[in-house]
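Asks: I have a structure here, written as structure tokens, and I will follow up with some questions on it.
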Amino acid sequence: MEEKYNQSVIEATVREVLKQMAPHQKITLKEAKRLTEAVEQESARRGQQSVIAVCNPEGNPVLVHVMDGAFLVSFDVAVKKAYTAVAVKMSTMELAKLSQPGETFYGLEQMDNGRICILGGGVPLKVGEKIIGGLAVSGGTGEEDDSLAIYGQSVLKEIL
């Protein structure tokens, strides 16, 4: 009996170690739901009605959540911000600075069939250096949305 118990403990330990060693390839729907819930709670606490979008590393939406009272336009903006964050591998706030006249990426928002969005609020989601998806918030100012997206990044580790 003890040998069987020890074997179970060893197998469970090995599975856990392998799980931690295996690179997390993409955010799952289950993880996106938990992340969105955390960002929604923080958005509500701040008095902001937001649209929260999570995409996979290819830029395709995994989940788009619309809070009651959010602006209609925020849906498309959030989806584009999430796409942009993974497409350029940086926050949309950072990209916005680099897209000003005379800067490196000036005019970038005109490319990619209008999918690029240079408004603050989109961030890549990473495990180590690997991008597993993108998170975007739309509904406030660029700074407010960026702050909520950064909050989402900060709680990602607890969610995965």
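Asks: Consider region 57-79. How many of its residues are among the polar types (S, T, N, Q), surrounded by 16 or more Cβ atoms within 10 Å (Cβ to Cβ) and over 22 Å from Gln41 (Cα atoms)?
Replies: 0
Asks: Looking at Ile150, Ile116, Ile132, which is the one that is among the aliphatic types (A, V, I, L, M) and touching an Asp or Glu at 6+ places or on another chain (Cβ under 6 Å)?
Replies: Ile116
Asks: Can I ask one more? Does region 129-141 include one or more residues that are modelled with pLDDT of 95 or more, over 20 Å from Asn60 (Cα atoms) and more than 16 Å from the chain's Cα centre (by Cα)?
Replies: yes
Asks: Continuing with the same structure: Against the conditions (1) on the phi > 0 side of the Ramachandran plot; (2) surrounded by 20 or more Cβ atoms within 10 Å (Cβ to Cβ), where does Thr36 fall short? Just the number, please.
Replies: The failed condition is (1).
Asks: So is Ala82 open to solvent by less than 30 Å² (accessible area, probe 1.4 Å) and either small (Gly, Ala, Ser) or not in a loop (DSSP other than H, G, I, E, B) (or both) or not?
Replies: Criteria met by Ala82.
Asks: Inside region 91-118, can you point out the residues that are open to solvent by 30 Å² or more (accessible area, probe 1.4 Å), of a type in the set (A, V, I, L, M) and closer than 22 Å to Ala32 by Cα?
Replies: Met93 - this is the single residue of region 91-118 that is open to solvent by 30 Å² or more (accessible area, probe 1.4 Å), of a type in the set (A, V, I, L, M) and closer than 22 Å to Ala32 by Cα.
Asks: If you don't mind, there's one more thing I want to ask. For region 49-70, check the following and say yes or no: at least one residue is in contact with a Phe, Trp or Tyr (Cβ under 6 Å, 6 or more places away or on another chain) and among the acidic types (Asp, Glu).
Replies: Within region 49-70, not a single residue is in contact with a Phe, Trp or Tyr (Cβ under 6 Å, 6 or more places away or on another chain) and among the acidic types (Asp, Glu).
Asks: Are there any pairs with C-beta distances below 8 angstrom linking a residue in region 35-52 that is within 19 Å of Val73 (Cα to Cα) to a residue that is part of a helix (DSSP H, G or I) and among the acidic types (Asp, Glu), with the two at least 6 apart or on different chains, and if so which?
Replies: Correct list of pairs: Gln48/Glu144; Ser50/Glu40; Ser50/Asp145; Ile52/Glu40.
Asks: Would a scan of region 67-78 turn up a residue that is under 21 Å from Lys30 (Cα atoms) and either in a loop (DSSP other than H, G, I, E, B) or acidic (Asp, Glu) (or both)?
Replies: The answer is yes, given that some residue of region 67-78 is under 21 Å from Lys30 (Cα atoms) and either in a loop (DSSP other than H, G, I, E, B) or acidic (Asp, Glu) (or both).
Asks: Could you grab the pairs with beta carbons closer than 6 Å, sequence gap of 6+ or different chains, first residue in region 103-119 and more than 13 Å from Ala87 (Cα to Cα) and touching a residue at least 24 places away in the same chain (Cβ under 8 Å), second one of a type in the set (Val, Ile, Thr) and surrounded by fewer than 10 Cβ atoms within 10 Å (Cβ to Cβ)?
Replies: Every condition considered, no pair remains.
Asks: Another question about this same structure. Being in a helix (DSSP H, G or I) and closer than 24 Å to Glu37 by Cβ: is that true of Ala136 here?
Replies: No; evaluated as a whole, the condition is false for this residue.
Asks: When you scan region 141-149, do you find a residue that is touching a residue at least 24 places away in the same chain (Cβ under 8 Å) and hydroxyl-bearing (Ser, Thr, Tyr), even just one?
Replies: No, the conditions are met nowhere in region 141-149.
The values are calculated or read from the model by the stated rules, or taken from the named source; none is laboratory data. Keep in mind that this is a model prediction, so the values were computed, not measured. For neighbour counting, all protein chains shown are included, and Cβ atoms are generated from backbone atoms with ideal geometry for every residue, glycine included. Surface areas here come from the heavy atoms of the whole protein model, side chains and all, with no ligands, DNA or RNA. Shrake-Rupley method; radii C 1.70, N 1.55, O 1.52, S 1.80 Å.
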